[in-house]
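Beneath this line is the structure, given in structure tokens, with notes to follow.
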Number of protein chains: 2
Amino acid sequence: MEKRKPDVAQICQTIWQSIVEKKLRPGTRLKEEQLSEVFGVSRARVRQVLAVLQRDGLVSIIPNRGAFVSEPDADEARDVFYLRTKIEERVVERLVERISEQDINRLEGHLKKELAAQAKGDRLASVKLSGEFHMLLATLAESTLLHGILQALVVRSSLVTVMYRREEMHDCGPDEHRELIDIIRSGDKKGALQCMQTHLKHIEDELDLSQNDVSSRDLWQVFK
Amino acid sequence: MEKRKPDVAQICQTIWQSIVEKKLRPGTRLKEEQLSEVFGVSRARVRQVLAVLQRDGLVSIIPNRGAFVSEPDADEARDVFYLRTKIEERVVERLVERISEQDINRLEGHLKKELAAQAKGDRLASVKLSGEFHMLLATLAESTLLHGILQALVVRSSLVTVMYRREEMHDCGPDEHRELIDIIRSGDKKGALQCMQTHLKHIEDELDLSQNDVSSRDLWQVFK
DNA sequence: ATTGACACGAATGTCAACAATTATGTAGTC
DNA sequence: GACTACATAATTGTTGACATTCGTGTCAAT
């Protein structure tokens, strides 16, 4: 955390990590001055960070009130996975058409990292790498639009997962990623679509989206 | 343009208008100081405006280089409409389930404005109102996620439309919006989905997405 | 005792000057 | 004459101080 040039992305990542590790709970207030002290940067930069985090849906900024860690409700969680599915379908579609050997190599390389993290039992790294795998797919699809929106959705997915995961939930293992790579390489568009769909469905099915209760901190938002 | 309290949204809208009216062509550079003079605001605020415009995909910001009006290629244009379709399908789905009489009234009221603008032949207002109709649907669907993403896509749609519209293109008339309202109210989910699909397809079909040439100003982006 | 208003404190929002980076024009050399 | 190196000008990026807004605690009045 003691980096020489604390980049905006760096700080975002650290905050994201804290949320995934449950060190920061949804609803927590994030004071600008506080953050600027912790990270040793100017408040202006903290402001940029919060803007990015808001765009990714990790925090909600209320004018003249401050920034809070978001508390997406079950409906929003479902929307996130619905959209992810639709976008990643499109990504896969394009990848099947234009994938190169070099692309395959990058995917294989990433998969290796995922397997290593799993073997070591490093859960945080696993979650992070899993998300990055999906972002890598979008990158290779060469669509800045899909990439940009998916970025926000993947980040949101982590938050949703933290909030609604069942206790006995196991990690989204890299096995299905292996499958995806193979089927994309084979050029089977329909199969690839199916594979992506079930992969994302598996992740969503691991969640418990039945609860619709409103957290206590949401109260003042309820009354607008 | 001489507003007393030039809001960020206000300025964004004005710039958006200028692009739709072809007063600002894709690739045009937007200097911060220049903008701050024109709108009579501080450069810091211009910076916020540009950030929002970048998020909506209207401008591309290159570090230490400046901001330019985006030039989405045909592929991106297709992605925009693909995503819009998927998102608005979801919006319609939710609306059919939870629409209220009050909601219908708001839609009817908006439709009236659209018809008035069309009758007056006010093309700019027509384009603007048409986009707002779709945003209103998302608002009524009560999903901040769908709303936020759709916002960016609708704005991008305008830009894409300006760039790729055929000469003889006629406006996206309010007739199909009328149809949509009726079928949503009827509760026919399948029909509503179909209606939204064809509506968006009509808009996309009015475009000529065959050209794949790179505009001259993109050159330096090509070489990374 | 409860409620209302007022004032104080703290956090956010805004701005203008300063620093860093990039583009441009000029001179010098081969 | 063309190409490189340097100096200058223009533009973006950053910082710290100032203004504004909102929450909180106190006090008085009913």
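The values are calculated or read from the model by the stated rules, or taken from the named source; none is laboratory data. Here the structure is a predicted model, which means the values were calculated and not measured. Here Cβ is always computed from backbone atoms with ideal geometry, including for glycine, and neighbour counts include all displayed protein chains. Accessible surface areas use protein heavy atoms only, side chains included; no ligands, DNA or RNA. Shrake-Rupley method; radii C 1.70, N 1.55, O 1.52, S 1.80 Å.
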Worksheet item: B:I61 is checked against (1) surrounded by 21 or more Cβ atoms within 10 Å (Cβ to Cβ); (2) of a type outside the set (G, A, S); (3) more than 9 Å from chain A (Cβ to nearest Cβ) and fails just one. What number does that condition carry?
Response: (1)
Item to complete: Only residues in the stretch B:2-29 that are among the hydroxyl-bearing types (S, T, Y) count as the first member; pair them with residues that are modelled with pLDDT under 85 and in a loop (DSSP other than H, G, I, E, B), Cβ under 7 angstrom, at least 6 apart or cross-chain, and list the lot.
Response: B:T14/B:M1
Practice prompt. From (1) modelled with pLDDT of 85 or more; (2) more than 20 Å from the chain's Cα centre (by Cα), pick out the condition that doesn't hold for A:L207.
Written response: (2)
Worksheet entry | Test set (1) within 14 Å of DNA strand C (Cβ to nearest atom); (2) part of a helix (DSSP H, G or I) - A:I104 fails condition number | (1)
Practice prompt. Could you list, in sequence order, all residues of the stretch B:141-158 that are small (G, A, S) and either touching a strand residue (DSSP E or B) at 6+ places or on another chain (Cβ under 6 Å) or more than 11 Å from every other protein chain (Cβ to nearest Cβ) (or both)?
Written response: B:S157, B:S158
Discussion item. The conditions are (1) open to solvent by 20 Å² or more (accessible area, probe 1.4 Å); (2) within 16 Å of DNA strand D (Cβ to nearest atom), and B:S70 fails exactly one of them. Which is it?
Written reply: (1)
Item to complete: Filter the stretch A:70-101 for residues that are assigned to a loop (DSSP other than H, G, I, E, B), more than 17 Å from A:M196 (Cα to Cα) and in contact (Cβ under 8 Å) with a residue 60 or more places away in the chain and give the result.
Response: A:S70, A:E71, A:P72, A:D73
Response to the item:
Condition set touching a Leu at 6+ places or on another chain (Cβ under 7 Å) and of a type in the set (A, V, I, L, M), scope the stretch A:79-98, selection farthest from DNA strand C (Cβ to nearest atom): answer is A:V92
Worksheet item: In the stretch A:106-123, which residue that is surrounded by 13 or more Cβ atoms within 10 Å (Cβ to Cβ) and free of Cβ contacts under 8 Å to residues at least 24 places away in the same chain is farthest from A:I184 (Cα to Cα)?
Response: A:D122
Worksheet item: Does A:A67 satisfy the criteria of being within 15 Å of DNA strand C (Cβ to nearest atom) and not in a helix (DSSP H, G or I)?
Response: yes
Discussion item. If I ask for residues that are more than 7 Å from DNA strand C (Cβ to nearest atom), among the hydrophobic types (A, V, I, L, M, F, W, C) and either within 13 Å of chain A (Cβ to nearest Cβ) or farther than 21 Å from B:Q151 by Cα (or both), which ones from the stretch B:38-48 would you list?
Written reply: B:V38, B:F39
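With respect to B:Q54, determine if the residue is surrounded by fewer than 16 Cβ atoms within 10 Å (Cβ to Cβ), within 12 Å of DNA strand D (Cβ to nearest atom), within 20 Å of B:G131 (Cβ to Cβ) and not hydroxyl-bearing (S, T, Y).
Considered against the rule, which asks whether it is surrounded by fewer than 16 Cβ atoms within 10 Å (Cβ to Cβ), within 12 Å of DNA strand D (Cβ to nearest atom), within 20 Å of B:G131 (Cβ to Cβ) and not hydroxyl-bearing (S, T, Y), B:Q54 comes out as yes.
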Worksheet entry | Test result for B:V46, within 14 Å of DNA strand D (Cβ to nearest atom), in contact with an Asp or Glu (Cβ under 8 Å, 6 or more places away or on another chain), aliphatic (A, V, I, L, M) and without any contact (Cβ under 8 Å) to a residue 60 or more places away in the chain | yes
Worksheet entry | A:E76, sole failed condition from (1) open to solvent by 60 Å² or more (accessible area, probe 1.4 Å); (2) acidic (D, E); (3) away from DNA strand C (no atom under 16 Å from the Cβ) | (1)
Worksheet item: If you check A:T161 against the conditions, is it part of a helix (DSSP H, G or I), within 14 Å of another protein chain (Cβ to nearest Cβ) and open to solvent by 20 Å² or more (accessible area, probe 1.4 Å)?
Response: no
Discussion item. Which residue is modelled with the highest pLDDT, if the candidates are limited to the stretch A:12-35 and must be open to solvent by less than 20 Å² (accessible area, probe 1.4 Å) and farther than 15 Å from A:K128 by Cα?
Written reply: A:L30
Discussion item. If I filter the stretch A:166-183 for residues that are at negative phi, open to solvent by 70 Å² or more (accessible area, probe 1.4 Å) and in contact with a strand residue (DSSP E or B) (Cβ under 8 Å, 6 or more places away or on another chain), do I get at least one hit?
Written reply: yes
